[in-house]
1. Kindly check whether there is at least one residue in the stretch 76-92 that is loosely packed, with under 15 Cβ neighbours inside 10 Å, under 17 Å from Arg123 (Cβ atoms) and of a type outside the set (Lys, Arg).
2. Could you give me the residue pairs with C-beta distances under 6 Å whose first residue belongs to the stretch 379-408 and is modelled with pLDDT of 90 or more and surrounded by fewer than 17 Cβ atoms within 10 Å (Cβ to Cβ), whose second residue is of a type in the set (Phe, Trp, Tyr) and outside any loop (DSSP other than H, G, I, E, B) wherever it lies, and which are 6+ apart or on separate chains?
3. Cβ-Cβ under 7 Å, sequence separation 6+ or interchain: first residue in the stretch 432-452 and surrounded by 18 or more Cβ atoms within 10 Å (Cβ to Cβ), partner of a type in the set (Phe, Trp, Tyr). Which pairs?
4. List every residue pair whose Cβ atoms lie under 6 Å apart, where the two residues are 6 or more positions apart in sequence or sit on different chains, the first residue falls within the stretch 84-97 and is over 13 Å from Val71 (Cα atoms), and the second residue, located anywhere, is at pLDDT below 85 and open to solvent by 70 Å² or more (accessible area, probe 1.4 Å).
5. How many residues are of a type in the set (S, T, N, Q) and assigned to a loop (DSSP other than H, G, I, E, B) when one looks only at the stretch 253-267?
6. Sort out which residues of the stretch 112-122 are open to solvent by 70 Å² or more (accessible area, probe 1.4 Å) and either assigned to a helix (DSSP H, G or I) or closer than 18 Å to Ser98 by Cα (or both), and write them in order of number.
7. Tell me, which residue of the stretch 350-361 that is open to solvent by less than 50 Å² (accessible area, probe 1.4 Å) and out of contact with any Gly (no Cβ under 6 Å at 6 or more places or on another chain) is modelled with the lowest pLDDT?
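The values are calculated or read from the model by the stated rules, or taken from the named source; none is laboratory data. As the structure is a prediction and not an experimental result, all values here were calculated from the model. Reconstructed Cβ throughout: ideal geometry from the backbone, glycine too, with neighbour counts over all protein chains shown. We work out accessible area using only protein heavy atoms, side chains counted, and drop any ligands, DNA or RNA first. Shrake-Rupley method; radii C 1.70, N 1.55, O 1.52, S 1.80 Å.
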Amino acid sequence: MPKSLLSKARVLIVDDEPSNVRLLERILEVFETKAIRSTTHARETLPLVLEFQPDIILLDLNMPHMNGYEVMARLNDAIPAEERVPVLVLTADITPESKRRALTAGAKDFLTKPLDHSEVALRMKNLLENRFLQLELRNQNGQLEDLVQERTRQVEATLQELRATQDAVVKQERLRALGMMAGGIAHDFNNALTMILGYGELLQPWMQATASNKELTYLRNIVAAAQDATHIVSRLREFYRPAENNEVREPVDINAIVEQAVSLTTPKWKGRSRADGIQISVITELHEVPAIAGNAPELREVLTNLIFNAVDAMPEGGAIILSTACAAGDRVAFAISDTGIGMTDDERKRCLEPFFTTKGEQGTGLGLSVVYGIVQRHGGSIEITSQKGHGTTFTVTFPATTAVATAGPQIMDTVERAFRILVVDDQEVICELIAECLKGEGHSTSIAADGRQALALFRASPVELVITDQSMPGMNGSQLAGAIKAHSPDTPVILLTGFGEEMHAAGELPAGVDLVLGKPVSTANLRRAIQQVTSKAVARAA
């Protein structure tokens, strides 16, 4: 038998005869057992077991004061079954009744006195093999349980991350679907605004010469309302819109944006709150931060919306704190905190969704959706912390930039000369309107109600510029542009469409089209577009 098994075992000997104890110790020393404890007093067994933690107990049966059966009964009462160590009984009584009692009490094997060295070693070996296998199995089970718990924690963390990602994707898809729906609404509305704005601008020179101030004021209000409506329509897309390829991004001082937003919102948080008998104070804590690449008007809109939300969240008054700071990863952060009514966890998670509002009939649920769209397009992120009854903090971070502002190409606000222009639109009223606007600018025009008629007119009498609608029966604007370029590659084509904003957002420029212009279009914007495409045509010809 290998010595290693006995050499690493911890052995406790319990026998009232000192000679038996010494004999067993000498046998164990032969097998190089180092950890040996012994006692001749049976009542010391339990304290020794608890202290020494043996791997096997060699126990005599017939002892004064407490026999081996009683010792095993006390051990069984004090130690759980899965932690008990094997007991090898030392006895001269080999009657069946003694064996039955010992096995019932918890003994695992017997040694018959007088003791034989080889038998002692073999019986101990058998019990220790099983003991060490149980310990190894228990250790492996513990490691396996730790591994299972760690894997469970990892799975739970992955599931939480997956739920968060799923929520973000669902939110993005909701916003995308809303943007698509809004695009269709905007197209039809833009056509109506084109007529209102266009005829209003056509009337202005005549009204200035013939109408009274009152009538002229009415007309100016109509034109201004149409122009405001165009901005409202464009904002329908702000719930979800990716950054456009040609979108202007300039270095912006976020501290200056904060100060401007505070100034612009003063009438609401200061004047109106005082009129309602409450006190709202605005505190700015601005630190030196690098510039960010952005669109200043959109960033002002973000802050304006957040300030308005904070004011609405403090019906009893309170304080708004705006701060800026450098954030990790070369980013710039600004935070706006209020001492208002706060939000529940569910409200906080849903507050960026379109049409979700906690203001009842007083709110539209659109402001924070617009904020979210703008922040996303700027490569930023929003973190919201809130507690019901203890206010809310919005923290917005953007990538910092070291770029220097550069002047873009300057577009002249007047056209250098008159052009022969073909206007194409399946809505006769819009077609005539655009033609009238162009005539007012000094151009000569011809009109067509669809793409095929326009192509026939162009082939019969070529023009210097084509302005066409996109959505037309038979041949749409993109197809017409391709056909014209095939016949005359240098003739510029402007695509004037109610889907102009969407096409800009997607970076779409159909083949044959030189410029996409969105409806409704003002006379000034139309003038600049003509100058832009004709100057390119002249440059190509040169």
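1. The answer is yes, given that some residue of the stretch 76-92 is loosely packed, with under 15 Cβ neighbours inside 10 Å, under 17 Å from Arg123 (Cβ atoms) and of a type outside the set (Lys, Arg).
2. Ile384/Phe394
3. From the stretch 432-452, the pairs are Leu433/Tyr199; His443/Phe419.
4. Correct list of pairs: empty, since none qualify.
5. Selection size over the stretch 253-267: 1.
6. Result: Pro114, His117, Ser118, Leu122.
7. Restricting to residues being open to solvent by less than 50 Å² (accessible area, probe 1.4 Å) and out of contact with any Gly (no Cβ under 6 Å at 6 or more places or on another chain), the top hit is Gly360.
Quick grid of which residues meet (1) in a loop (DSSP other than H, G, I, E, B); (2) aromatic (Phe, Trp, Tyr); (3) more than 15 Å from Asp338 (Cα to Cα):
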position	(1), (2), (3)
Trp269	no, yes, no
Arg274	no, no, yes
Ser281	no, no, no
Glu288	yes, no, yes
Ala293	no, no, yes
Ile307	no, no, no
